[in-house]
Every structure is written in C-alpha cells, then in structure tokens.
Amino acid sequence: MNAQIVVDIALGLILVGLAAQVALGRHLFRSIVFYVAFGLAMAVIWARLGAADLALADAAIGAGLTGALMMVAFRRLVGIDPEQAQAQMTRHSHVAVAVAALTAGLVATVGLAALTMARAPESAGMQVLARLEETGLGNPVTGVLLVFRGFDTLIEMAVLLTAFVGSRVMTQRSRLNVTTISGFELPLVRTLVAVILPLAVLIAMHLLWIGADQPGGAFQAGAVLAGSGVLLLLTGTLLPAPRSNAMARLALVAGVAALSLLVLVPLSQGRPPLAFLGKGSLLFAEAAMMVSVAVSLTLLFAGAPALKAGRQ
Amino acid sequence: MSGEVVFVLAAAAIFGLGVHGLLTAGHIMRKLLALNLMLSAVFLLLIVVPARIDGLPDPVPQALVLTGIVIAVSTTAFALALMVRLFRRQGHAAIHPDVDPRMLGHVTGRTSAGPQEEHDRGSGSR
C-alpha cells in the first residue's frame, strides 16, 4: 500500500465524516459550519485530483459563499422567531435509512461499474485538447466554457440572473438589514479589511488575467470579489440600498449581455454563432461575467437590489 | 484498490447521507444542505469516473462541474429567499406534505396572513 492511497483514503474519510456531521448533526447552525468545512475538504480533493479550476471555485463558492448565504438566511430566521428557526423537526425513520443505504449502494455500483468499463478512446475531452491549439488558449476548461460550449455558459449566467431576480421578488423591501460584526470599529477589524481587500482584488484580477492559459477565470475571480463584498457588508463599509440603480442593473446583466454579443457578432459577419473571435473577446466576456458573478452573489447575500457606501 | 475506487465509494456514501437528510429533515434549510451534499457527490463522480488525459481530469466534465457549482449557489440562494418568505408567512420552516397549507393557519392558531405579513405588505408598497 503506497503513500498516495493512504492520503486518498484519509481524504475520503474526512469528506464522508464531514458530510455525516452536516446531514446528521443535531443543531442547524453546527451543520452549516460543517458544510463550510465540507466545501473546503472538497476543494482539497479537487486539488488532489488535479482539477485546479474546481478547487478554486469550490473553495470560494461552494465553501465560502454558499456557507455565507446559509448563515445570513439562518440569521434572518432567528431574527423572526429564534425558537422556530432552530427547531429540530427531524423525523427518524427506518425506511429513510434503508432507502439511503440502497441509494448509496446503487451509486457505488454504477460508479464502480463505470470505472471498470473500457473508456472510449475518442472522448470529448480528447477532441477539446486536439482543437485547443486553434484557439490559442492554454487552459482547456476555459476553452470548453467559452469556445466549445459557450451556450452552456450563456445560460448559466441567465440562471444566475434569474435566481437573483427571483430572490428579489421574494424578499420584502422593508427587510434591508444585514447584521454587521459587532465591534467593527475596533482598529484590528479595520486593519484586517485594509490588508485583505487589496489582496483579494489583486487575486481576483490575477485569476481573471491568467484564466485563459492557467487554472482560473471569470467564476473564480467573481467569487473572490463577492467574498470581498460580503466582508465589506459585514464590516458596514457597504450597506444595502433600498432602491436599485443603473450601475447595479448594468453589473447584473453584464455577463449575459457580453456572452450574447459573442453569439451575435459572428452571426453579423456571416459565421456560425459563438464562432471564436480571438482571445481579446474572451477576456472581455470573462471580465463582464466576473462583474456579474461578483455583484449578483454580493447582492444575494445583502438581500438588497443595490449597495451604498456605509460608515467610513 | 486505487484512488478512484476510494473517491467513488466516498461519493456513494455522501449521496446516501444526502438522501437520508433530505428524507428525514423537517427544516427546509436542512433539506437544502442535504441537496447540496448530493450535488457534491455527483460532481465528484463526474470528475473521478471519466478517463484521465495525461494525468489530468477530462476538461469537459470539469467545465460541466464548474457550471454546476455556480448554478448550485444560484438556486440555493433563491431557495433560501423562498424559505425566509415561507418562514415569515407560516411561522416555521417545515414543509408538511400531509397537511393542506390552507389549514396550517388553523392548526398553529394563526391565520396564514398574520399581522407580520400585513405589516410587510403595508411598508413594502410604494
């Protein structure tokens, strides 16, 4: 038994253990915290598997932002009715245990069978790698997202926009309170923000810039920026605004608009939709997507249609 | 036993835990956590099962999973907004499939549009 397999087994056990804490833990808040830890463990496993793009995305989105969104929603429930918000309400059922065991067995059977099957030599991934040189991109994942399966990405941005609009419809205008960290006036918190924020912006721009050739890209960069937005909201530097404004709306639709341009411009030149226009056009689309991802996720956390400057 | 087998078994266990959580949880946020666990299990399978190319995972499923992660956080955020609204309206965060929702107000001793909801509507309109 070599060292690699020992590490893999340890990682697998950690992941399953954290998932068990999320699914079976008694207290809801504790489950949310364990979900954040689960997301980080997932990111480590992506890194181990060599999927660096996914490691970056899951660390920022899966662990960070999903956790933050769950915590702020939990905080809102506690604000309405502390007792009911934390009510246990879990039914114990032998049928559920049996069904869960059966499903797990089924997934394991299908997964293990798929592992032993002979893989087709001409997979989609091989074709992507074979044709990647034509685009001049170094990162095949970015190539798939923006060149080979651009429509998926366009619709993904549309889903993000739709989810934001749906959340706005559901959130009442009178509830515009994000809880700020108590004691944010402390010099330590301000210094922390002053150190972290420029670094986060730098990392986001770096991820955006290298995304074409190395792991990184619009989603990872947008998620890092959204994390900074959450930090600014928590420290009261940014505050939710009651009314939307042109800037916020422009930022929200930027991703969909830029990708629509990538579809329409080749059409106007008599080429097929989403025909490759060069690396510059990709950087433009990725920058717009980064802004949309960052602003949508920050506003979803704030539960507000726009942001305004808060205490300095 | 190779690393892939380990991760497939882990994904199966996490999926099972997710199914169990989804079935037994009363609180909607617990159901959402369970659904997110199941999603992660599917993502893990999508990356582990396809053949690796030059020692790295196939880029096509990687891009699919990257899309999936963003879609997951979007839909989770929307579901959480729905949950907060439902909680405000019915006073608890459970779904009772066996009970007619119109009856819930009588069961819990408050009408479906309680005073809080009325207040929100009043201040919500321009």
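The values are calculated or read from the model by the stated rules, or taken from the named source; none is laboratory data. In this text the structure is predicted, and so the values were computed from the model without any measurement. Reconstructed Cβ throughout: ideal geometry from the backbone, glycine too, with neighbour counts over all protein chains shown. Heavy atoms of the whole protein, side chains included, go into the accessibility calculation; ligands, DNA and RNA do not. Shrake-Rupley method; radii C 1.70, N 1.55, O 1.52, S 1.80 Å.
Mean sequence separation of contacting Cα pairs (under 8 Å, at least six apart), scaled by the length of chain A, corresponds to a relative contact order of 19 percent.
Given their separation in residues at 0.36 nm each and the Cα-Cα distance between them, residue A:205 and residue A:93 gain 35.4 nm when the chain is fully extended. With each label modelled as a point 7 angstrom along the Cα→C-beta vector, the residue B:89-residue A:101 pair spans 3.9 nm.
Taken along the Cα-to-beta-carbon direction at a fixed 7 Å, the label points for residue A:122 and residue A:14 span 4.2 nm.
Structural descriptor for region B:3-95: relative contact order 30 percent, calculated from alpha carbon pairs under 8 angstrom and at least 6 residues apart. Diffusion coefficient (Stokes-Einstein, Kirkwood radius over C-alpha pairs, 4 °C, 1.567 mPa s) for region B:3-95: 88 µm²/s, rounded to a whole number.
What the Cα atoms of the protein assembly as shown give is an Rg and a Dmax of 22.6, 69 Å.
With contacts taken as Cα pairs under 8 Å and at least 6 residues apart, region A:233-312 reaches a relative contact order of 53 percent.
When B and A come together, around 7500 square angstrom of accessible surface is lost from both chains combined, probe 1.4 Å. The Cα-based radius of gyration of region A:192-255, divided by its Kirkwood radius, gives an Rg/Rh of 1.03. Annotation: extensible slack from residue A:131 through residue A:5 equals 42.0 nm (criterion: 0.36 nm per residue apart, minus Cα-Cα distance).
Surface composition of region B:3-95: carbon plus sulfur atoms contribute 75% of the solvent-accessible area (1.4 Å probe, protein chains only, all chains present). Sorting the segments A:278-290, A:241-253 by their mean number of nearby beta carbons within 10 angstrom, highest to lowest, gives A:278-290, A:241-253. Globularity index of region A:136-312 is 1.13 (Cα radius of gyration / 2.2 N^0.38 Å, N = number of residues). Across peptide A:61-72, the mean count of Cβ atoms from other chains lying within 10 Å of each residue's own Cβ comes to 4. Note on region A:220-300: Cα Rg divided by 2.2 N^0.38 Å, N the number of residues, gives 1.32.
Using alpha carbons only, the radius of gyration of region A:32-133 set against its Kirkwood radius gives Rg/Rh = 1.13.
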